[in-house]
1. Within the stretch 202-216, track down each residue that is loosely packed, with under 13 Cβ neighbours inside 10 Å and touching a helix residue (DSSP H, G or I) at 6+ places or on another chain (Cβ under 8 Å).
2. Taking the conditions exactly as written (under 19 Å from the mean Cα position of the chain (by Cα) and either surrounded by fewer than 24 Cβ atoms within 10 Å (Cβ to Cβ) or under 19 Å from Gly192 (Cα atoms) (or both)), does Ala153 satisfy them or not?
3. Is it the case that Thr217 is under 24 Å from Glu141 (Cβ atoms), β-branched (Val, Ile, Thr) and either touching a residue at least 12 places away in the same chain (Cβ under 8 Å) or in a loop (DSSP other than H, G, I, E, B) (or both)?
4. Within the stretch 58-76, identify whether any single residue is more than 23 Å from Val14 (Cβ to Cβ) and out of contact with any His (no Cβ under 6 Å at 6 or more places or on another chain), and answer yes or no.
5. Is there a residue in the stretch 85-103 that is of a type in the set (S, T, N, Q) and farther than 18 Å from Leu241 by Cβ?
6. Can you tell which of Ala27, Ala100 is in a loop (DSSP other than H, G, I, E, B), crowded, with 20+ Cβ neighbours inside 10 Å and among the small types (Gly, Ala, Ser)?
7. Can you report the number of residues in the stretch 204-230 which are under 23 Å from Gln253 (Cα atoms) and either among the charged types (D, E, K, R) or not assigned by TED's automatic domain parsing to the domain that holds Ala94 (or both)?
8. Determine whether the stretch 119-127 contains at least one residue that is among the small types (Gly, Ala, Ser), at pLDDT below 95 and in a helix (DSSP H, G or I).
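The values are calculated or read from the model by the stated rules, or taken from the named source; none is laboratory data. Predicted model, so just to flag it, every value in this text is computed and none were measured. Quick reminder, even Gly has a Cβ in these numbers, built from the backbone with ideal geometry, and neighbours come from all protein chains shown.
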Amino acid sequence: MKAYVFPGQGAQFVGMGKDLYDNSPEARELFEKANEILGFRITDLMFEGTPEDLKKTAVTQPAIFIHSVLLAKSLGDDFKPDMVAGHSLGEFSALVAAGALSFEDGLRLVAARANAMQKACETNPSTMAAIIALPDEKVEEICEQVPGVIVCANYNCPGQLVISGEVEAIDRACELLKEAGAKRALKLPVGGGFHSPCMEPARAELAEAIEHTEFHTPVCPVYQNVDALPHTDPAEIKGLLVAQLTAPVRWTQTVRNMIANGATEFIELGPGKVLQGLVSKIDKNATVSGLQ
């Protein structure tokens, strides 16, 4: 069974999507529609911007979403997913690719999400850190001991977990995690503490936008970040999409559940190869490939 997976923030690169724009009239039309919906020429930033331009949340998220969705569309009739999943932002790409959302509505929600997250970051400074080579349970235990807002945010693969929260709490946790034997406890160059209570103002804002957006039954199960389980009911999908902003991304559990339910091949659609690497670490026997 084929499982298509879609990357999240951090996979962007200058020049992303340019081949699609140059070689596919259908893709070019959707790129131009995206420029119109966003109110600025994101294509210029994607194709010829600077890495700094692409790092801005309000640019990064729609850029990765557009690139990922258009790659799925470029496959035409060959895109026959048995199941899909996306990492954080990638969940929106997965939902559009699986027909639960239109491209236009998906892009509007991604733009609303990015802007809401940017505002939350500016009003409540927060950050994230990658913790390498400690069991998840040990990281959870230490985070619970640290005062302030701090949570485990991304369960990426065994031995790789991202924590998120207030800056002071993250700094203290990094010290304690290194003392506990973490190979690395490295703060990430991100705008804020995503997938933590620090994103509560953004969650409330996104909830309203999602509530007023039409969702459809997808063509295959969508494994969602919050519970790592397959969903096809539009009402359930909407609720979990809202909860995702302040809840952890359970990627390790998601991939394991997809394999348990019959996934034999994982294909990453979008910039970079991050998810291919994570899937291989979660299950060394998994067949992985990608299109970017």
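1. Selection gives Glu211, Glu214.
2. Working: under 19 Å from the mean Cα position of the chain (by Cα): yes; either surrounded by fewer than 24 Cβ atoms within 10 Å (Cβ to Cβ) or under 19 Å from Gly192 (Cα atoms) (or both): yes.
Considered against the rule, which asks whether it is under 19 Å from the mean Cα position of the chain (by Cα) and either surrounded by fewer than 24 Cβ atoms within 10 Å (Cβ to Cβ) or under 19 Å from Gly192 (Cα atoms) (or both), Ala153 comes out as yes.
3. no
4. Filtering the stretch 58-76 for residues more than 23 Å from Val14 (Cβ to Cβ) gives 75-76.
Next cut, out of contact with any His (no Cβ under 6 Å at 6 or more places or on another chain) only: 75-76.
Among the residues of the stretch 58-76, at least one is more than 23 Å from Val14 (Cβ to Cβ) and out of contact with any His (no Cβ under 6 Å at 6 or more places or on another chain), which makes the answer yes.
5. So the first thing to find is which residues in the stretch 85-103 are of a type in the set (S, T, N, Q), and the list is 88, 93, 102.
Going one step further and asking which of them are farther than 18 Å from Leu241 by Cβ, we end up with none.
No - not one qualifying residue is present in the stretch 85-103.
6. Unique residue meeting the criteria: Ala100.
7. Total meeting the criteria: 1.
8. Checked against the condition, which is being among the small types (Gly, Ala, Ser), at pLDDT below 95 and in a helix (DSSP H, G or I), the stretch 119-127 yields at least one hit.
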